[in-house]
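Following: one structure in structure tokens, then a few remarks.
The values are calculated or read from the model by the stated rules, or taken from the named source; none is laboratory data. Predicted model, so just to flag it, every value in this text is computed and none were measured. Glycine gets a Cβ as well: all are built from the backbone with ideal geometry, and neighbour counts include every protein chain shown. SASA here: full protein model, heavy atoms, side chains in, ligands and nucleic acids out. Shrake-Rupley method; radii C 1.70, N 1.55, O 1.52, S 1.80 Å.
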Amino acid sequence: MDHSEAPVLEALAAYHAEKQTPFTPPGHKQGRGADPRVRAVLGDAVFLSDVLATSGLDDRTSSNGVLEHAQALMADAVGAEHTFFSTCGSSLSVKAAMLSVAGPHEKLLVGRDAHKSVVSGLILSGIRPIWVTPQWDPQRHLAHPPSAEAFEAAFAEHPDAKGALVTTPTPYGTCSDLSAIAQVCHKRGKPLIVDEAWGAHLPFHPALPTWAMDAGADVCVTSVHKMGSGLEQGSVFHLQGDLIEPEVLKSREELLGTTSPSVLLYAAMDGWRRQMVEHGHALYDDALALAASVRARVGGIDGMRVHGRDDFCGPGRAADMDPLQVIIDITSLGTTGYRAADWLREHHQINLHLSDHRRISAQLSHADDEHTAQTLLSALRGVAAHADELRSAQAVEVPDPHRLQLEQALLPRDAFFGPTEQVPWEKAIGRVTAEMLTPYPPGIPAALPGERLTTGVLRYLRTGIDAGMVVPDAADTEVKSVRVAIED
């Protein structure tokens, strides 16, 4: 295949050159109807390239095969058999993958460190989750992806499970042993879904962790906007093998996806693929060298520890890690990541990737350079210099691992859609939650519909919120009250 081609971008250029006149949506008609104040902020190019996918980018019957050609090029670029574009983010893509493997009341093995989008998929589908426990680092209060042995044990107990889903890399950059997990699944003839939202870049440099398709996954979901050059919501999902039919996966995506996809998002993904094939290796040579330099320099700042392989990888921990996720433990500064992140935005206009009760993190990509690195380092030195004024932060009560594991008393769908009531958080202890309670970012629910709440988890959330944690999906975002199921 000719990877110098970019079918979506080329079709857009032809659309402009032909001076086509739309009598179709979108109603702004190439920006002519947009408020000049909006155009002043967004620019005219956004509106000029915001066209219909059919009767716009392509003709009424899609006879030019623009999107199909772009998807085939993407599949070829990464070594997948089939690739599908999504303009609704990996939150939709992972739901489509789940629905391709299991249906209502059927079992699916799921790592309990799954993103809230996976839980939403469970609620919508009625799939019965069989939770697989992550590997917990008690010293650092951090979860790494479940081991292959944990999936083996779960299949042994639930041989009727339809397949498995694992999240890797995690938002902290830690990776599971995907090859071993794929072997566990495939010896039973079961498919493996990988939520690899943070791994769009992995196929394009050998020094990065092994990506899902090379490790033997059947379906891999990737957010091009997270670590690639796509626009927000740009996602692809890749397929290989014969355990899931491509027609089934496509039909599930069409069931959930929009009938008005954004050509802007298609174009950015198409152009990113071309960029990576032509220049990805060199770009990530530079990015990895910069990351190593940044890690060393952050490690020289008083009170900051940059987590590396010695911290994150090894027996009982992760199998690998992405060095572009710079995870910094600031415990020695005596404050929380929440407070440090807020201070950095206010005083240095720095927006961090994620923060928790003891860490902050900076996501580097191929777009960073020495200038952005110096901006980050200067800001981090500012945090260390102002540690005294940040030390009054409320302590977060993080439970031991066994107290974070909740009983799944009801199906997520049954708890979410069943009769509910809102009760003070103290009275929610022992009750079954009917909502997701998710510290965000990174978006991994501390409790999800159908789980029975405990004192430890509720106090973790309450003390976390007092310290700056954000729980946006709760009905009461301060978690002073909780929506719970009314049980018979």
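Are there any pairs with C-beta distances below 7 angstrom linking a residue in segment 47-58 that is part of a strand (DSSP E or B) to a residue that is open to solvent by 20 Å² or more (accessible area, probe 1.4 Å), with the two at least 6 apart or on different chains, and if so which? Qualifying pairs under 7 Å: 54/60; 54/62; 58/64.
Among residues of segment 182-210 that are closer than 16 Å to residue 227 by Cα, those with a beta-carbon under 7 Å from a residue that is among the charged types (D, E, K, R) at least six positions away or on a different chain give the pairs 197/226; 198/226; 200/226; 208/322; 209/320; 209/322.
Scan 404, 461 and give me the residue that is buried (at least 17 other Cβ atoms within 10 Å of the Cβ), in contact with a Gly (Cβ under 8 Å, 6 or more places away or on another chain) and among the aliphatic types (A, V, I, L, M). Steps first, answer last, please.
On the way: 461 fails: in contact with a Gly (Cβ under 8 Å, 6 or more places away or on another chain).
So the residue among 404, 461 that is buried (at least 17 other Cβ atoms within 10 Å of the Cβ), in contact with a Gly (Cβ under 8 Å, 6 or more places away or on another chain) and among the aliphatic types (A, V, I, L, M) is 404.
For segment 459-478, the set of residues classified as farther than 15 Å from residue 357 by Cα and either out of contact with any Ser or Thr (no Cβ under 9 Å at 6 or more places or on another chain) or among the polar types (S, T, N, Q) (or both) consists of 476, 477, 478, listed by residue number.
As for segment 162-184, it holds at least one residue that is surrounded by 24 or more Cβ atoms within 10 Å (Cβ to Cβ), of a type in the set (Val, Ile, Thr) and more than 26 Å from residue 242 (Cα to Cα).
Quick grid of which residues meet (1) of a type in the set (Val, Ile, Thr); (2) open to solvent by 20 Å² or more (accessible area, probe 1.4 Å); (3) touching a residue at least 40 places away in the same chain (Cβ under 8 Å):
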residue	(1), (2), (3)
296	no, yes, no
299	no, yes, no
304	no, no, yes
321	no, no, yes
333	no, no, yes
342	no, yes, yes
348	no, yes, no
361	no, no, yes
368	no, yes, yes
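What helices (runs of 4 or more DSSP H) lie completely within segment 373-454 and have 1 or more residues being within 29 Å of residue 344 (Cα to Cα) and in contact with a helix residue (DSSP H, G or I) (Cβ under 8 Å, 6 or more places away or on another chain)? Please lay out each step first, then the result.
On the way: elements: 387-390, 401-404, 412-417.
Of the helices (runs of 4 or more DSSP H) lying wholly inside segment 373-454, those with at least 1 residues that are within 29 Å of residue 344 (Cα to Cα) and in contact with a helix residue (DSSP H, G or I) (Cβ under 8 Å, 6 or more places away or on another chain) span 387-390.
Looking at the structure I just gave you, is residue 249 open to solvent by 10 Å² or more (accessible area, probe 1.4 Å) and aliphatic (A, V, I, L, M)?
Details: open to solvent by 10 Å² or more (accessible area, probe 1.4 Å): no; aliphatic (A, V, I, L, M): yes.
Here the answer is no, as residue 249 does not meet what is asked.
With respect to the conditions (1) outside any loop (DSSP other than H, G, I, E, B); (2) open to solvent by less than 10 Å² (accessible area, probe 1.4 Å), residue 68 falls short on a single one, namely (2). Across segment 31-46, the qualifying residues are those that are touching a residue at least 12 places away in the same chain (Cβ under 8 Å) and assigned to a helix (DSSP H, G or I), and the one among them that is farthest from residue 245 (Cα to Cα) is 44. Looking only at segment 138-159, count every residue that is in contact with an Asp or Glu (Cβ under 8 Å, 6 or more places away or on another chain) and either more than 19 Å from residue 446 (Cα to Cα) or open to solvent by less than 50 Å² (accessible area, probe 1.4 Å) (or both) and tell me the total. Total satisfying the criteria: 7. Between 100, 179, 91, 120, the distinction of being at pLDDT below 95 and within 30 Å of residue 272 (Cα to Cα) belongs to 91 only. The set of residues from segment 268-285 being over 22 Å from residue 86 (Cα atoms) and open to solvent by 20 Å² or more (accessible area, probe 1.4 Å) comprises 278, 279, 281, 282, 283, 285. State whether one or more residues within segment 271-285 are among the hydrophobic types (A, V, I, L, M, F, W, C), modelled with pLDDT of 95 or more and either assigned to a loop (DSSP other than H, G, I, E, B) or touching a Gly at 6+ places or on another chain (Cβ under 6 Å) (or both). There is at least one residue in segment 271-285 that is among the hydrophobic types (A, V, I, L, M, F, W, C), modelled with pLDDT of 95 or more and either assigned to a loop (DSSP other than H, G, I, E, B) or touching a Gly at 6+ places or on another chain (Cβ under 6 Å) (or both).
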